Amino acid sequence: MYNIVQLKMMKKYIVLLVIALIGVIGIFFFFYYFGHKDDKALSEFSLAYQKYDRAISDLSSAVYMSNFEGTPTYDDLEQITDQALTVLKLKASAKISSLTKNDADIMSLTQEIADLSGKEFVALKAYQSAMADQGADMAQLSKELHDVTLKRQAAYTRFQELSGD
């Protein structure tokens with residue numbers, strides 16, 4: 001049988017084992033929580049981007065085409081795009097933990113995408129306003145709009161590469 005000294009030693013080892021097990025479980029949940037939080041932030045940004053992309057595309061189509069019956073008006077589409085841009089900017093401000101690979105690059109890229117999206121929206125509104133002005137340089141405005149759209153799309157492609165999306 002075991003003597004009292006051996007039982008006291010076993011009790012100490014069991015306590016140490018339980019403490020170590022609790023520590024390992026705590027570390028696992030720590031990494032899981034922040035990893036899950038990062039994944040959620042990245043997926044919410046992607047969804048916000050896709051919503052903005054659809055909204056700006058619809059608004060752009062409304063600028064170039066006349067309004068057909070049953071379709072939203074330009075003002076409605078402008079409001080939808082503005083709301084989508086607001087959500088995109090909000091999601092772009094999310095912080096990503098250093099547990100995520102390329103976290104600093106991803107965070108700066110989300111801000112860049114949001115900034116380019118804002119510039120694109122302003123450029124499209126300027127183009128739409130200039131359509132009524134006969135003296136406006138429509139070719140220059142169209143080129144500026146096209147350039148900022150391409151930059152936004154390229155930045156999002158880079159985001160997808162970095163985030164593994």
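The values are calculated or read from the model by the stated rules, or taken from the named source; none is laboratory data. These numbers come from a predicted model, not from an experiment. So basically every Cβ, Gly included, is an ideal-geometry build from the backbone, and we count neighbours across all protein chains shown.
Scoring residue 151 on the criteria (1) over 13 Å from the mean Cα position of the chain (by Cα); (2) of a type in the set (Lys, Arg); (3) crowded, with 18+ Cβ neighbours inside 10 Å leaves a single failure, condition (3).
For the criterion of being of a type outside the set (Gly, Ala, Ser), at pLDDT below 95 and within 30 Å of residue 36 (Cβ to Cβ), residue 101 passes.
Against the list (1) of a type in the set (A, V, I, L, M, F, W, C); (2) farther than 27 Å from residue 40 by Cα; (3) outside any helix (DSSP H, G or I), the condition residue 96 fails is (2). Looking only at the range 99-139, count every residue that is within 24 Å of residue 44 (Cβ to Cβ), surrounded by 14 or more Cβ atoms within 10 Å (Cβ to Cβ) and hydroxyl-bearing (Ser, Thr, Tyr) and tell me the total. Total meeting the criteria: 3. Filtered by the rule that a residue be loosely packed, with under 13 Cβ neighbours inside 10 Å and farther than 17 Å from residue 122 by Cβ, the range 72-92 gives a lone residue, 73. For the range 103-138, a tally of residues being more than 11 Å from residue 152 (Cβ to Cβ), within 17 Å of the chain's Cα centre (by Cα) and of a type in the set (S, T, N, Q) returns 3. Filtering the range 99-127 to residues that are at negative phi, outside any helix (DSSP H, G or I) and not hydrophobic (A, V, I, L, M, F, W, C) leaves 100, 101.
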